[in-house]
Every structure is written in structure tokens, then in C-alpha cells.
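Note sheet for the following structure.
The values are calculated or read from the model by the stated rules, or taken from the named source; none is laboratory data. Note that the coordinates shown come from a computational prediction; the quantities given were computed from them, not determined experimentally. Ideal geometry is used to build each Cβ from the backbone, glycine not excepted, and the neighbour counts take in all protein chains shown.
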Amino acid sequence: MIHIKAEPIDPVPLILPKVDRLELENTKFYVITEKNWEKVFAELVKKKYDPVIFGVTDDGYQILSVNNAKVLQMVMQQKAVIEAYEQYYERTKDAIKQNNESLAEQNETAAAQQENTDSEGGIIPNGKILKRLFTW
């Protein structure tokens with residue numbers, strides 16, 4: 001008689017780092033033109049800011065906005081990938097649990113059958129082997 005023994009398997013734990021909550025500071029934008037630059041600089045000095053401007057053109061601002069949208073899109077895609085991995089892990093963990101439970105039941109059934117066969121002196125009570133040997 002061939003005995004095949006399958007061992008239960010343990011799922012590999014999914015360890016994901018906690019993600020920090022993103023809290024962004026508000027940014028004040030000043031629109032500076034040829035006509036209002038003196039007024040804007042005076043306001044900056046009044047608010048005790050250094051009167052220095054880092055600027056972009058109207059096209060540059062548009063590109064900056066598009067780039068920010070692309071970053072946001074990538075973050076959302078990465079979030080979807082992480083959620084998919086979590087769902088896959090949970091399904092795998094459930095499948096492993098079901099497999100291990102089924103394996104335990106099969107082992108119990110096999111042990112009970114072996115015990116019955118041993119108590120009958122090695123003769124299988126339903127006679128299937130004899131029926132196969134003596135087909136008449």
C-alpha cells in the first residue's frame with residue numbers, strides 16, 4: 001500500500017509598512033505682471049518676506065499643474081496595486097486555511113480507515129480487493 005502524506009502549510013505573513021498621512025502646507029501664489037510688480041514687492045516687504053520671487057511662465061505653470069496631476073495619478077495607481085496585493089494575500093491565506101482543514105479531515109479519515117483495516121486483521125471489510133481479484 002502506498003502512503004502519501006501531505007503536510008499543512010503556513011501562509012507567509014504579509015508585512016506592509018504603515019504609510020504616513022500626507023499633510024501639505026498651503027502655498028500662496030502671487031501673480032506678478034509688468035503693472036503690479038512694485039505693489040507685490042511692497043506687500044512682501046510689509047509682511048516681512050524677502051522680496052524674492054521664484055517664477056514660472058504661464059506655460060511653465062501649466063506644465064507644473066500637469067506634472068502634479070501625473071504624480072497624483074501614479075499615487076492612485078500604486079494604491080490600487082497595494083490593494084490588489086492585499087486582496088491576493090487574503091485569498092491565498094483563506095485557500096491555505098481551507099486546504100489545511102481539508103488535509104486534516106483526510107488524515108483523520110485515513111487514520112480511521114487504517115484503524116478499521118488493522119482491527120479486521122488486514123482484510124478490508126467491503127471486499128473490494130477480492131472482487132477485483134475474482135471477477136466471476
**Report entry** Members of the range 93-136 found to be among the hydroxyl-bearing types (Ser, Thr, Tyr) and modelled with pLDDT of 75 or more, listed by number
**Finding:** SER102, THR109
Query raised in the report: Just wondering, is there one or more residues in the range 66-82 that are farther than 26 Å from LEU14 by Cα and among the polar types (S, T, N, Q)?
Result: yes
**Report entry** Positions within the range 1-46 being of a type in the set (Gly, Ala, Ser) and closer than 25 Å to ASN100 by Cα, in sequence order
**Finding:** ALA6
Query raised in the report: Out of all the residues in the range 17-54, which are surrounded by 10 or more Cβ atoms within 10 Å (Cβ to Cβ) and either touching a Ser or Thr at 6+ places or on another chain (Cβ under 7 Å) or assigned to a loop (DSSP other than H, G, I, E, B) (or both)?
Result: TYR30, ILE32, ASN36, TYR49, PRO51, ILE53
Query raised in the report: Any idea which of SER102, SER65 is surrounded by 11 or more Cβ atoms within 10 Å (Cβ to Cβ), out of contact with any Phe, Trp or Tyr (no Cβ under 9 Å at 6 or more places or on another chain) and part of a helix (DSSP H, G or I)?
Result: SER102
Report task. Using the structure shown, decide if ILE9 is outside any helix (DSSP H, G or I), out of contact with any Ser or Thr (no Cβ under 9 Å at 6 or more places or on another chain), within 30 Å of GLN113 (Cβ to Cβ) and in contact (Cβ under 8 Å) with a residue 60 or more places away in the chain. Result -> yes
